[in-house]
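Here's the structure we're looking at; comments come further down.
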């Protein structure tokens, strides 16, 4: 089931749509704008990728061809060409245009791993991170036009208990949650740059996510909470936000 909500400001969040998207679990979703229409793209246990109109809930496309459940997908566009990468749990990567002509590419993720793909902020460099059934993890940059690996980043563990998650800091750094830590790389250097355990308490393969500016990092913990890590700019942002909240509270009193 996919729930889509409308946000009207403040605390006003309303349930807009409920979609019976897939048979079995929904494994990933993302928004896209094919033909300038806002859509949500989903993938799931039933080995399919589906595109839904966000306003009406109507199904626009259904892409089939994977032989295993679809683990993740990555909608993107280059100039006027809109497409979706999809990655199955057997490590097969396919790419689809918004038509019914089938997959345009078919190649393998490193180590046949369950993988997530993502572009940098400028949309001109493609990266992926994944973990296979043997616990081996891979963080790589792709030559997307050739389906070939351009660079493999070193420093991930060899016996991950879960799928390693990663994120991109604009156009400069990569980060991944691995071995109870967050690890960082310079995009242009395959050696590990640095790492942090965030004062402990992280999951073995924590989920991580940067804010849009790349100055705050949310990391999941073993006690089902979230830690927020910040650089100097992030600390200043938190201070400013705290001041605004305090001011709004005081104004509310009067």
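Throughout, read-outs are computed from the coordinates displayed, never taken from laboratory work. Just so we're clear, the structure is a prediction, and the values are computed from it rather than from any experiment. Glycine also receives a Cβ, built like all others from the backbone with ideal geometry; neighbour counts cover every protein chain displayed.
Suppose each label sits 7 Å from its Cα in the direction of the beta carbon; what would the residue 170-residue 8 distance come out to in nanometres?
3.7 nm
Arranged by the count of other C-beta atoms within 10 angstrom, fewest first, what order do 179, 45, 134 take?
Placing the least packed residue first, the sequence is 134, 45, 179.
Calculate, for residue 189 and residue 1, the FRET efficiency according to 1/(1 + (r/R0)^6) with r their C-beta to C-beta distance and R0 41 Å; round to the nearest 0.05.
For residue 189 and residue 1, the calculated efficiency is 0.45.
Could you give the length gained by full extension between residue 218 and residue 15, i.e. 0.36 nm per residue of separation minus their alpha carbon distance, to one decimal place?
70.5 nm
Output the peptides 1-11, 84-94, 211-221 sorted from most to least packed, where packing is the average of other Cβ atoms within 10 Å over each peptide's residues. Working shown, then result.
Values: 1-11: 9.9, 84-94: 22.8, 211-221: 16.5.
The most tightly packed comes first, giving 84-94, 211-221, 1-11.
Over the chain, what relative contact order in percent results from Cα pairs under 8 Å that are six or more residues apart? Don't skip to the answer; put the middle values down first.
Numbers: 592 pairs, mean separation 19.9, N = 254.
Normalised by residue count, the contact order of the chain is 8 percent.
If R₀ is 45 angstrom, what is the calculated FRET efficiency for the pair residue 225 and residue 68, using the beta carbon separation as r and rounding to 0.05?
It comes out at approximately 0.85.
What's the FRET efficiency of residue 97 with residue 55 using the Cβ-Cβ distance as r and R₀ = 25 Å, to the nearest 0.05?
On the way: r = 22 Å, r/R0 = 0.89.
The pair residue 97/residue 55 has a calculated efficiency of 0.65.
Let a ≥ b ≥ c be the square roots of the eigenvalues of the Cα gyration tensor of segment 2-253; is it rounded (a/c under 1.5), or, if not, prolate (a/b larger than b/c) or oblate? Show your work: numbers first, answer last.
Working: a/c = 1.72, a/b = 1.13, b/c = 1.53.
Here segment 2-253 falls in the oblate category.
Return the calculated 222 nm mean residue ellipticity for the chain, to the nearest 500 deg cm²/dmol, obtained by summing -39500 (n - 2.57) across DSSP H runs with n ≥ 4 and dividing by the residue count. Don't skip to the end; give the middle numbers.
Numbers: 1 runs with 22 residues, N = 254.
After summing the helix terms and dividing by residue count, I get -3000 deg cm²/dmol.
Under the rule a/c < 1.5 gives rounded, and otherwise a/b versus b/c splits prolate from oblate, where does segment 61-122 land using the Cα gyration tensor?
It comes out oblate by the Cα gyration axes.
Average the reciprocal distances over every distinct pair of alpha-carbons in segment 29-85, invert the result, and give the Kirkwood radius in Å.
Over segment 29-85, the inverse of the mean reciprocal pair distance is 11.6 Å.
For segment 152-247, take the convex hull of the Cα atoms, compute a quarter of its surface area, and give me that in nm², please.
6.8 nm²
Label-point separation (nm) for residue 233 and residue 80, each offset 7 Å from Cα along Cα-to-Cβ?
According to this spin-label approximation, the distance is 3.5 nm.
Expected output is a single nm value to one decimal: the length gained when fully extending between residue 35 and residue 106, i.e. 0.36 nm times separation in residues minus the C-alpha distance. What is it?
Taking 0.36 nm per residue and subtracting the Cα distance, the gain is 23.1 nm.
Taking the Cβ of each residue in 101, 187 as the centre, tally the other Cβ atoms inside 10 Å and list the residues starting with the fewest.
101, 187
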